[in-house]
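Taking it in order: structure first as structure tokens, then the write-up.
The values are calculated or read from the model by the stated rules, or taken from the named source; none is laboratory data. Treat the numbers as computed from the prediction; the structure is a model and nothing was measured. Here the Cβ positions follow ideal geometry from the backbone for every residue, glycine too, while neighbour counts run over all protein chains shown. All accessible areas refer to the heavy atoms of the entire protein, side chains included, with ligands and DNA or RNA removed. Shrake-Rupley method; radii C 1.70, N 1.55, O 1.52, S 1.80 Å.
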Amino acid sequence: MGTTDDLRFYGGADAYLAACPSRQILDVLANKWTMLVMGALSGGPMRFGELRRRLDGITQKMLTQTLRTLERDGLVTRTVFPTIPPKVEYAATGLGESVTALMHAIRAWSEENINAVLNARDTYDARAAQEVQPVTT
């Protein structure tokens, strides 16, 4: 199952199969920094420093790794302009733009439902704490 032809022979990609290469892109897309970088780039090209300021909490190392992964997977382009000092911009590719709508929907859902999720966590934690208490005799 190492090639696209092999996947077609077996009916196409199936992320539920452990050996399916589509799982690799799911790992990339499910990453919070991927989601946030792609969301930031949906507004147009940005320089590294602009991205770093927009993505509160990301380290330089993590942003570099994320951008390299996205560029390798064809979701982002890196353009170096021949200026002094060199100007580098990152932009979503057509492939990157095609997944951005899904990422926006997930981010919007997260923002809209954070209170419900936090309440569910509190309820679960309270119930779990009651179940764990030792019995005293």
Check your understanding: Cβ-Cβ below 9 Å, separation at least six or inter-chain, first residue in segment 22-33 and in contact (Cβ under 8 Å) with a residue 60 or more places away in the chain, second β-branched (Val, Ile, Thr) and surrounded by 14 or more Cβ atoms within 10 Å (Cβ to Cβ): which pairs?
Key -> Leu29/Val99
Revision key, fill the gap. By residue number, the members of segment 23-79 that are aliphatic (A, V, I, L, M), at pLDDT below 95 and either more than 15 Å from Leu102 (Cα to Cα) or in contact with a Ser or Thr (Cβ under 6 Å, 6 or more places away or on another chain) (or both) are Val28
Review point. Residues of segment 88-97 being surrounded by 10 or more Cβ atoms within 10 Å (Cβ to Cβ) and outside any loop (DSSP other than H, G, I, E, B), which ones?
Key: Val88, Glu89, Tyr90, Ala91, Ala92, Leu95, Gly96, Glu97
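Yes/no matrix, rows are residues, columns are (1) in a helix (DSSP H, G or I); (2) surrounded by fewer than 12 Cβ atoms within 10 Å (Cβ to Cβ):
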{"position": "Gly49", "(1), (2)": "yes, yes"}
{"position": "Ile58", "(1), (2)": "no, no"}
{"position": "Val99", "(1), (2)": "yes, no"}
{"position": "Ile106", "(1), (2)": "yes, no"}
{"position": "Leu118", "(1), (2)": "yes, yes"}
Review point. Within segment 76-87, which residues are surrounded by 15 or more Cβ atoms within 10 Å (Cβ to Cβ) and either in contact (Cβ under 8 Å) with a residue 40 or more places away in the chain or over 13 Å from the mean Cα position of the chain (by Cα) (or both)?
Key: Thr77
**Study point:** Test set (1) open to solvent by less than 40 Å² (accessible area, probe 1.4 Å); (2) part of a loop (DSSP other than H, G, I, E, B); (3) in contact (Cβ under 8 Å) with a residue 12 or more places away in the chain - Gly12 fails condition number
**Key:** (3)
Review point. Which one is nearest to Leu36 (Cα to Cα) among residues in segment 63-122 that are in contact with an Asp or Glu (Cβ under 9 Å, 6 or more places away or on another chain) and among the aromatic types (Phe, Trp, Tyr)?
Key: Tyr90
Point to revise | All positions within segment 68-87 that are polar (S, T, N, Q) and not in a loop (DSSP other than H, G, I, E, B) | key: Thr69, Thr77, Thr79
